[in-house]
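The values are calculated or read from the model by the stated rules, or taken from the named source; none is laboratory data. Remember, predicted model here, so these are calculated numbers, not experimental data. Positions of Cβ are backbone-derived with ideal geometry, glycine not excepted, and every protein chain shown enters the neighbour counts. SASA here: full protein model, heavy atoms, side chains in, ligands and nucleic acids out. Shrake-Rupley method; radii C 1.70, N 1.55, O 1.52, S 1.80 Å.
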Amino acid sequence: AERLLARALPDEDPATALAYLAPLFGLHDIAIPEEVTPAAVRDRTIALVVGMLSRLAAERPVAVVCEDLHWIDDTTAEVLARTCAAIERLPALVIVTMRPAYEAPPLDLAGFTTIALEPLSPSLASQLVQSVARGVALDEGLVRRIVDQCEGVPLVLEEVTRSVLDAADQGDAL
């Protein structure tokens, strides 16, 4: 790990960087000095993550994907904002997904291009349900109920259809 960090962050001490980054990977046996405040740990960790992404983007084109931005917390928003600022002029693409929200996420999205995705039409939603069913004959009324309840959201259509099929496999009535 330290060798990789030495490559990714050549201006940093790999052992020190590892102490800050290890908790992100569930490794809690590497201690950060006790005198470092939680705010300093947070700031240093963010700086290291942004530094690694910046270095990577400086070497080759990179894509950063952040899904479900509507659930973003303040720390992740800061990581994303600082990453965008750091790689602004590098060959990088930042893709975020989010549902239309009543409350804006804690992130300035002014520099992002928005591509709004509409819900699937009932016809396309029905086709998706049938596709997920993979040849299992679903009653037309059941398909219509799934389509109506899922409001055209593809992931929800897929998951609800799979749940219905799993329930049928366990003997529950469709």
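Couple of notes before you dig in:
- Restricting the first member to region 11-37 and to residues that are more than 13 Å from Ala1 (Cα to Cα) and modelled with pLDDT under 90, and the second to residues that are β-branched (Val, Ile, Thr) and part of a helix (DSSP H, G or I), the beta-carbon pairs closer than 7 Å and six or more apart or on different chains are Ile32/Val41.
- Taking every residue in region 69-84 that is without any contact (Cβ under 8 Å) to a residue 12 or more places away in the chain and pairing it with any residue that is buried (at least 16 other Cβ atoms within 10 Å of the Cβ) and not polar (S, T, N, Q), at least 6 positions away or on another chain, the pairs with Cβ-Cβ distances below 8 Å are Thr76/Cys66.
- Among the conditions (1) farther than 19 Å from Ala77 by Cβ; (2) open to solvent by 60 Å² or more (accessible area, probe 1.4 Å), the only one that Ile30 does not satisfy is (2).
- For region 159-173, the count of residues that are in a helix (DSSP H, G or I), surrounded by 14 or more Cβ atoms within 10 Å (Cβ to Cβ), among the hydrophobic types (A, V, I, L, M, F, W, C) and modelled with pLDDT of 95 or more is at least one.
- Residue that is least open to solvent (accessible area, probe 1.4 Å) [pool: residues in region 1-17 that are part of a loop (DSSP other than H, G, I, E, B) and among the acidic types (Asp, Glu)]: Glu12
- Flag if Thr114 is hydroxyl-bearing (Ser, Thr, Tyr), under 29 Å from Thr16 (Cα atoms) and either modelled with pLDDT of 90 or more or surrounded by fewer than 11 Cβ atoms within 10 Å (Cβ to Cβ) (or both): no
- If you check Arg60, Arg99 for being touching a residue at least 24 places away in the same chain (Cβ under 8 Å), open to solvent by 50 Å² or more (accessible area, probe 1.4 Å) and more than 29 Å from Pro154 (Cβ to Cβ), only one passes: Arg60.
- Tally, over region 136-158, of residues that are open to solvent by 80 Å² or more (accessible area, probe 1.4 Å) and more than 20 Å from the chain's Cα centre (by Cα): 8
- Scanning region 33-51 for residues that are assigned to a helix (DSSP H, G or I) and open to solvent by 50 Å² or more (accessible area, probe 1.4 Å) gives Pro38, Ala39, Arg42, Asp43, Arg44.
- When Leu120 is tested against (1) at pLDDT 85 or above; (2) in a loop (DSSP other than H, G, I, E, B); (3) touching an Asp or Glu at 6+ places or on another chain (Cβ under 8 Å), just one condition goes unmet, and that condition is (3).
- Residues satisfying the stated conditions in region 71-87, i.e. part of a helix (DSSP H, G or I) and either open to solvent by less than 50 Å² (accessible area, probe 1.4 Å) or of a type in the set (Val, Ile, Thr) (or both): Thr75, Thr76, Ala77, Val79, Leu80, Ala81, Thr83, Cys84, Ala86
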